[in-house]
Amino acid sequence: MKNIYSVLKEHFGYFSFRPGQEGIIRAILSGRDAAAIMPTGAGKSLCYQIPALAFDGITIVISPLISLMQDQVRTLIASGVRAAYINSSLTPGQTALALRNATKGMYKIIYAAPERLDSPSFLSFAMNSDISLVAVDEAHCISQWGQDFRPAYLRIAEFITKLRKRPVVTAFTATATEKVKQDIISKTGLVSPYLFKGGFDRENLYFSVEQPFDRMDRAKNYILSHKNDSGILYCLTRKQTEDAVRRLSAEGISIGCYHAGMSDEARKKAQDDFIYDRIKVIAATSAFGMGIDKPDVRYVIHMNMPARMEDYYQQAGRAGRDGMEADCILLFSGRDVGLNRYMIEKEPEDDPLTPEQRKEYNRARLACLDSMVYYSTSKHTCLRRRILSYFGQNAPESCHNCSICRKKPIELPEVFPMLLQYDESLFEALKNGCRRMAIFAGVPSYTIAGEKVLKEMAARKPETITQLRQVEGFGEEKIRRWGADFIAIIKKYNK
Ligand code: ADP
Ligand code: MG
């Protein structure tokens, strides 16, 4: 078995584990099942990818979305890990080839959609291979209580019983409710699992609530002053989304549109354009969701107040997955309250609930709305504190990183985390160079190096491979493939 620190450094280029990761990895490697609830961006993937590399056999990762699988497999391959996915985006010929390769042991990690688990060809591969680990990602999809319930997840437990020997089974999610957690443990069939629940704070995110006179105008000004950044603009309706695209593209902003009324093809194109940095901003309804693992989203602006804190925190949390500073701005208007209330109280056609159940359900939704209004109208209380207390977590009086706390005269902690001194124009040169390498390799730019890595390069200015190894997040395979190109850019710049 390989040493986990050398796997962390060699493949992923990281020097240390984030909170929770090491405990989970060690439990898995000792042969114990595990379940982890960690917020978006906490680094759940590494918790099963490192054991996958350390174990002798193959790891199967069950994932709900094609875009998530593609993203992870691209990133793994760029890190020198033999990985593949099997889902409905492959032709039957491609699937057969991938399964033949898998049976020969060519991949360490195989991502599969849950629907695959009872297909005869997939089963035949799995039953005839040495499967060390099954990792269920986005595990809340197994629960009817979660909002992304996916019935095919219920087949996972049975699939596992069909394997030659029982692998270690693990489940990962960002959804924290007790009901969902219990469902995950029982329905995935975890046996006395190691449990880890991470804190829900995302220190690098700046939270702000504003009540501008003209919300679109405010969004426009913000976006224009952050022209080089990727961002998401969440709108309430399809029409509002299209209006935003019209108005903002007239200002020269490179923006795309995403909502449920578009064809699958048009939505995929918009999502790819955003991931591959062909557009900077995407205006979207809440339909734009789980598939977005883009790490360098620098801001998420909500044009309206959502009805639930869970939704708001999940959507806003798509900013700053790379751990670098990012802004979450909620543009609030008193009108949002009435509108949300109206949507909750509107009588649905063919209501599947009895009038009593409906009343109960609406009462719960109105209570959620109240919490969201409480957040949006905070005058003196730290916004992060309101969010965390909503999720049942204690927080200090002041976070120094929300619109309320920044208005107060603050005493900055001695070392303010996340602040790297780097050379702006070298950073731009590296970013452009990285984009060219990415186009050539046919992958999104962040797959090679995210903004955090590029900023560190622009700070350290490595001119040798040994110096480049000091840059966190740039592992051996990346050094082998792209190291010389980055060094060339730095040397040229330093001349
Ligand atoms: P999650 O699935 O929990 O939302 P990811 O697994 O997608 O989060 O990880 C988020 C980001 O954090 C990724 O860019 C990942 O490479 C990075 N990351 C994970 N673990 C570490 C670590 N130990 N050190 C530095 N960065 C890490
Ligand atoms: Mg994840």
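Readers should treat all values here as calculations from the given coordinates under stated rules, not as data from a laboratory. All values derive from a computational prediction rather than experimental measurement. Glycine also receives a Cβ, built like all others from the backbone with ideal geometry; neighbour counts cover every protein chain displayed.
Annotations for the structure displayed:
- Environment charge of Ile344, counting only residues whose C-beta is closer than 10 Å and scoring Lys/Arg +1, Asp/Glu -1: +3
- Most to least packed among 89-97, 293-301, 160-168, 482-490 [average Cβ atoms within 10 Å]: 293-301, 482-490, 160-168, 89-97
- Per residue of the chain, the DSSP helices (runs of n ≥ 4 H) give a summed -39500 (n - 2.57) that works out to -13000 deg cm²/dmol at 222 nm.
- Average Cα contact separation per residue, the chain, under 8 Å, 6 or more apart, as relative contact order %: 16 percent
- Taking packing as the residue-averaged number of other Cβ atoms within 10 angstrom, the listed peptides 102-112, 258-268 run from highest to lowest as 102-112, 258-268.
- The order of the peptides 129-139, 425-435, 276-286 by mean Cβ neighbours within 10 Å, most packed first, is 129-139, 276-286, 425-435.
- Between Asp130 and Leu90, residue separation times 0.36 nm minus the direct Cα-Cα distance comes to 12.0 nm.
- Counted charge near Leu46, where neighbours are those whose Cβ lies closer than 11 Å (Asp, Glu -1; Lys, Arg +1): +1
- The dipole here belongs to the chain: it is taken about the Cα centre, uses +1 on the Cβ of Lys and Arg and -1 on the Cβ of Asp and Glu, and is about 860 debye.
- Using the Cβ of Ile448 as centre and a radius below 13 Å, the other residues enclosed give a net charge of +3, where K and R count +1 and D and E count -1.
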